[in-house]
1. Which one of these does Glu74 not meet: (1) under 30 Å from Lys131 (Cβ atoms); (2) touching a helix residue (DSSP H, G or I) at 6+ places or on another chain (Cβ under 8 Å)?
2. Restricting attention to the range 94-107, report how many residues are polar (S, T, N, Q) and open to solvent by 60 Å² or more (accessible area, probe 1.4 Å).
3. Which residue is modelled with the lowest pLDDT, if the candidates are limited to the range 19-39 and must be open to solvent by 50 Å² or more (accessible area, probe 1.4 Å) and of a type in the set (A, V, I, L, M)?
4. Select from the range 40-75 the residues that are open to solvent by less than 50 Å² (accessible area, probe 1.4 Å) and closer than 26 Å to Thr108 by Cβ and list them in ascending order.
5. I'm trying to understand the selection: among the residues of the range 87-109, which are hydrophobic (A, V, I, L, M, F, W, C) and part of a helix (DSSP H, G or I)?
6. For Met44, which of the numbered conditions (1) under 28 Å from Ile127 (Cβ atoms); (2) hydrophobic (A, V, I, L, M, F, W, C); (3) in a strand (DSSP E or B) fails to hold?
7. Can you confirm whether Ser112 is open to solvent by less than 70 Å² (accessible area, probe 1.4 Å), touching a residue at least 60 places away in the same chain (Cβ under 8 Å) and either of a type outside the set (A, V, I, L, M, F, W, C) or in a helix (DSSP H, G or I) (or both)?
Amino acid sequence: MRKVGLFPSMIILFTVGISAVLYPLLPSEVAVHFGTDFSPDMFMQKWLGLILIPFLMIMFTGTEYYGKEKVNQESLLEFEYCFRLLLVLLTIIQMSIIIYALGYDIPTGRFSLVTAGAFIFVVAAYIQYSKKLFKILTMIGFKKIDAWSRNLLRKITTVTLNIAGTICFILALFMRNDPSYLMLAMLMTMCIIVVGSGVYLNKK
């Protein structure tokens, strides 16, 4: 018997639960679309504005549920994580709608940090279980490395990504200035650590 999965179920229940609990506190209309400067440019009745994202989440989860049968087993993990990433992004959008409706400003930099952190965590989880990562490395010139080196590189990559994701969330909470340069520096540091480790293990 097929199962929807724990992650989609939990993230949908979380989104619906938060929306239901905070629903009485929200104004009659909520902003559902924002411009590049995060200023609202489209409003809806709150019941409709808050039901759209959960509806989309359920629709995408249903698509994943029934689409698994038609996906090649080797590509199943990538198929699942694409939908997981989509669910995370939809949850962030729903939380942004609620936070703004409660009267809090959401700076673009802070929103970018939260989105980047969530994306990094999902990628880290994917890499932890992916078997295609090393096929890609072989295609770009890395020789076949032993199982110990593969596992070590996998751990280095996932730990680095998890640390970077945590830093993004911490910065989203406390940083007041534009985080663009810091995010760029963090990206370069991640690349140096992961690629440098791969090059070292490749030559070992």
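The values are calculated or read from the model by the stated rules, or taken from the named source; none is laboratory data. Since we're looking at a predicted model, the values are computed, not measured. No Cβ is skipped: glycine too gets one built from the backbone with ideal geometry, and neighbour counts run over all protein chains shown. Note: areas computed on protein heavy atoms with side chains; ligands, DNA, RNA excluded. Shrake-Rupley method; radii C 1.70, N 1.55, O 1.52, S 1.80 Å.
1. (2)
2. Within the range 94-107, residues that are polar (S, T, N, Q) and open to solvent by 60 Å² or more (accessible area, probe 1.4 Å) number 0.
3. Leu25
4. The answer is Pro40, Met44, Lys46, Gly49, Leu50, Ile53, Pro54, Met57.
5. Leu87, Val88, Leu89, Leu90, Ile92, Ile93, Met95, Ile97, Ile98, Ile99, Ala101
6. It fails just one condition, (1).
7. Here the answer is yes, as Ser112 does meet what is asked.
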